[in-house]
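Shown next, in structure tokens, is the structure this report addresses.
Here, each number is a calculation from the coordinates, and none is a lab measurement. Because the structure is predicted, anything quoted here is derived from the model rather than measured. Cβ: placed from backbone, ideal geometry, glycine included. Neighbour counts: every protein chain shown.
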Amino acid sequence: MPFLTDDQEKIDASGALLLETGEIYFGRGCGAQGTAIAEVCFNTAITGYQEILTDPSYAAQTVVFTFPHVGNVGANADDHEESSPQASRAARGAIFRGSITPPSNWRAVDHFDAWLRKKGIVGLSGIDTRAITRRIRTSGMVNGIVVHIAPDETVSVAELREKLSGFEGIVGADLAKEVGPLARYGHAEQNWKWGEGFTPLSESKYHVVVLDFGVKKNILRNLSEVGARCTVLPGNATAEDVLALNPDGIVLSNGPGDPAATGVYAVPEIKKLIAADLPILGICLGHQLLALALGAKTMKMPQGHHGANHPVKDFETGKVEIVSMNHGFTVDPDTLPEGVEQSHVSLFDGTNSGLKVAGKPIISVQHHPEASPGPQDSFYLFARFAGLLDAHKSKETA
């Protein structure tokens with residue numbers, strides 16, 4: 001299973017990563033055999049590898065895990081974060097420092113390597129993930145091709161370079177349509193509880209419509225935790241589709257890709273929803289789309305934010321929370337129009353992490369409040385949204 005370099009040298013390895021800037025790393029292939037062409041980013045979380053790789057926000061990306069060990073938790077069906085059948089996998093590739101170890105956890109059902117194969121995620125281990133991370137930190141995210149070859153296969157570096165050259169990258173890409181649902185569906189399942197698992201919502205207090213650009217299951221579960229029964233619509237649904245369901249509020253979900261590209265069809269509809277004066281909560285891509293609809297602009301970040309140790313300050317309370325983040329684009333705070341204020345900010349680099357609108361029941365965050373790195377530092381945002389729903393319902397009945 002050799003790789004053939006440009007000068008015809010044979011490298012005995014079962015896997016490799018080639019970056020568009022020319023660097024190549026040889027290692028051990030794992031997971032699915034084949035190639036994965038994607039933008040390469042790094043994630044600093046030390047746990048949650050299965051949730052990360054099934055987060056639809058990672059569509060068209062290969063994730064470099066900075067924590068050197070992987071596999072001890074194994075894999076199971078409960079830790080999947082994708083909601084739509086067409087988002088059965090999110091990330092295209094995964095890169096690890098160490099070899100995947102056997103599971104040693106009571107919740108494990110699959111060996112992680114077997115799970116990667118089932119999900120079609122091409123993996124690579126045994127390379128210096130610190131070097132790749134430093135490369136991204138100094139020069140920005142870069143496109144790359146990960147390959148895991150069969151024992152009897154020979155692959156030339158020139159062939160990999162040619163394949164990679166056809167990848168146009170994420171800027172200008174509307175990836176939400178690839179991971180969002182094709183049809184409407186309902187959700188009323190609460191968070192996992194010890195001894196009970198995921199419990200159904202027995203009695204709902206609110207009806208919320210979620211525009212799904214690649215929603216994570218835990219967002220829907222945390223909405224149910226505050227009493228919201230969710231009707232989930234595809235991200236390209238119209239404002240008329242949403243309002244016909246007579247919701248108490250609207251959630252604009254997370255998702256992958258360039259917000260400006262998804263915004264071509266989403267922003268005009270979000271503007272109509274803003275005019276309807278219903279409570280709105282935007283999360284991640286939904287936050288960016290909301291900002292575009294309000295008149296702000298978004299921009300690509302050099303390395304993005306990917307991890308579960310990001311400190312964010314909430315201006316309303318003055319508290320600092322430790323949050324999970326996964327985004328490569330950000331809202332430019334210098335473009336916020338009058339009446340739109342920053343509600344949260346990243347304490348790593350000062351980038352925008354939240355918005356609120358004066359005189360309207362609208363809030364949004366760039367980070368993922370449904371994730372649990374704090375472990376529950378950001379769950380209050382769902383309660384804050386529920387407060388907006390309560391105020392709206394009280395106004396309607398007054």
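Spacing of the modelled spin labels on Ala276 and Thr199, each 7 Å from Cα toward Cβ, amounts to 3.1 nm. Placing a label point 7 Å from the Cα of Asn191 along the Cα-to-Cβ direction, the residues of the range 381-397 whose backbone N falls under 15 Å from that point are 381-386. Taking square-rooted eigenvalues a ≥ b ≥ c of the alpha carbon gyration tensor, is the range 176-397 rounded, prolate or oblate, where a/c under 1.5 means rounded and, failing that, a/b exceeding b/c means prolate? The shape class here is rounded.
Between Leu182 and Thr21, the FRET efficiency from the beta-carbon distance, with R0 = 56 Å, is close to 0.90. Summarised as an ellipsoid, the chain has semi-axes of 38, 22, 18 Å, derived from the eigenvalues of the Cα gyration tensor scaled by 5 and square-rooted, with the largest first.
Of the residues Val365, Val264, Leu233, the one whose Cα sits farthest towards the positive end of the charge dipole of the chain is Val365 (charges of +1 on Lys and Arg Cβ, -1 on Asp and Glu Cβ, taken about the Cα centre). Net charge of the neighbourhood of Val147, taken over other residues with C-beta under 10 Å away and scored Lys/Arg +1, Asp/Glu -1, is -1.
Remark: spin-label model distance Ala158-Ile11 equals 1.6 nm, labels positioned 7 Å along the Cα→Cβ axis.
Per residue, the chain reaches -7000 deg cm²/dmol at 222 nm when only DSSP H runs of four or more residues are counted, each adding -39500 (n - 2.57). Given their separation in residues at 0.36 nm each and the Cα-Cα distance between them, His207 and Asp332 gain 41.8 nm when the chain is fully extended. Working from label points 7 Å from Cα in the Cα-to-Cβ sense, the Lys118 to Asp349 distance is 3.6 nm. Per-peptide packing, taken as the mean over residues of other Cβ atoms within 10 Å, places 71-83, 266-278 in the sequence 71-83, 266-278 from highest down. Note on Ala244/Asp390: beta-carbon distance plugged into 1/(1 + (r/R0)^6) with R0 of 25 Å gives a FRET efficiency of 0.60. Summarising the amide proton neighbourhood of Lys216: residues at separation of 5 or more, or on other chains, whose placed amide H is nearer than 5 Å comprise Asn254. Across the range 40-72, the residues whose backbone nitrogen lies under 18 Å from the label position 7 Å along the beta-carbon direction of Ser99 are 68-72.
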